1. Hey, what's the Cα Rg ratio for the chain versus the globular rule of thumb, 2.2 N^0.38 Å?
2. Once label points are set 7 Å from the Cα along Cα→Cβ at both Lys89 and Leu323, what is their separation, rounded to one decimal in nm?
3. Going by average Cβ neighbours within 10 Å, how do the peptides 246-257, 133-144 rank, with the highest at the top?
4. Given charges of +1 on the Cβ of Lys and Arg and -1 on the Cβ of Asp and Glu, with all other atoms neutral, how large is the dipole of the range 129-202 about its Cα centre, in debye to the nearest 20?
5. Using +1 at the Cβ of each Lys and Arg and -1 at the Cβ of each Asp and Glu in the range 210-302, identify which of Ala292, Ile257, Trp281 lies farthest towards the dipole's positive end.
6. Using bins 10 angstrom wide from zero, how does P(r) for the range 247-292 break down, in % of all Cα pairs?
7. Between Asp260 and Glu13, what length comes free when the chain is fully extended (0.36 nm per residue of separation minus the Cα-Cα distance, one decimal in nm)?
8. Jot down the radius of gyration and Dmax of the range 173-323, Cα atoms only, both in angstrom.
Amino acid sequence: MLKKLYENIYLNEIPLPKSPLKGLNSYIITSEDRNLIIDTGFSHPEVEASFMKGIKELGLDLNKTDLLVTHLHSDHTGLAAKLHKEGMKVYAGSIDGKLINEMTTNQYWERFNDYKVMFDLEKDNVSFDNHPGYLYCPKDPINFEYLEENDTLKIGNYTFEILNIPGHTPGHIALYEKEHKLFFCGDHILGKITPNITFWGFDEEILSVYFESLKKVYDYKIDYLFTAHREIIRDHKKRIDELLEHHQMRLEEILNIIKDHKTSVRDTAAKMHWELRCNGWDEFPSPQKWFATGEAMAHLEHLVAIKKATKTVENEVLYYQGL
């Protein structure tokens, strides 16, 4: 469904089949010179049909249209390789752009087998072959036009500044239009749902990175925060405060779970509260077990970083205990 939101700015609502997210907000910014599309949805026939319906409704010439992906997740990038093959220029942040191309290789996904052991998920016999990231991501490398902090894109009357806002992914980017107070934030800030902050490796402690990115955006003058899912946000400061409070409550919840004994990442996630219509962990779909353990891991690593927990390794499985 196509909706006009602002002068020359349109929302193309894209369904996400079999996803708890329900849909993606793909944005289209038009001008006489060139147009810009922000994010695509999955690489999936139903998604592609919906995406192209919005394009045709606006009568866009794809030869005069560029694509920007805010971050690497397949619900934002799935159609990017196909659109690139059809001649569209594709923008991405350099960190996530390189990861998107790595996702076209088996080596990228085989690391999930290591995570399965480390997280203690072998108890659940999960695999990555039904993970939406694996199923619906671009399957061919993309020759990206990389964007860095403070680069600008001019689309008609708008001049968008590129911001690095890592956390939800290692190289998430956003677009800020200072004059009109518009901010396209991808999954950095969402309304009634909270962005998944997951584990990306031991090189950086990602939850602290996310907190800093939230604080970075806090004092920006923003009238419209265009999110990638659900509703548009008008009071971004209030929502940032709510997200920071949510994660503090999450950390307290996890500390209570691990306070008396060593607990694996999987067993920690199994005891956490989740907004899923399931009767306990055993009924969680396999992809949701990946998401849940990744989120638990990010919080557990933060607790270790702030010296409120310790970790040990036994038979390649990680265990955490509160201090």
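1. 1.00
2. Calculated label separation equals 5.0 nm.
3. Ranked from most to least packed, the peptides come out as 133-144, 246-257.
4. I would put it at about 280 debye.
5. Ala292
6. 26, 53, 22
7. Roughly 84.3 nm would be gained on extension.
8. For the range 173-323, the Cα-based Rg and Dmax read 16.9, 56 Å.
The values are calculated or read from the model by the stated rules, or taken from the named source; none is laboratory data. Fair warning: this is a prediction, and the values are worked out from it, not measured in the lab. All Cβ positions, glycine included, derive from the backbone under ideal geometry; neighbour counts span all protein chains shown. Heads up: the accessible areas ignore ligands, DNA and RNA and are worked out on the full protein's heavy atoms, side chains in. Shrake-Rupley method; radii C 1.70, N 1.55, O 1.52, S 1.80 Å.
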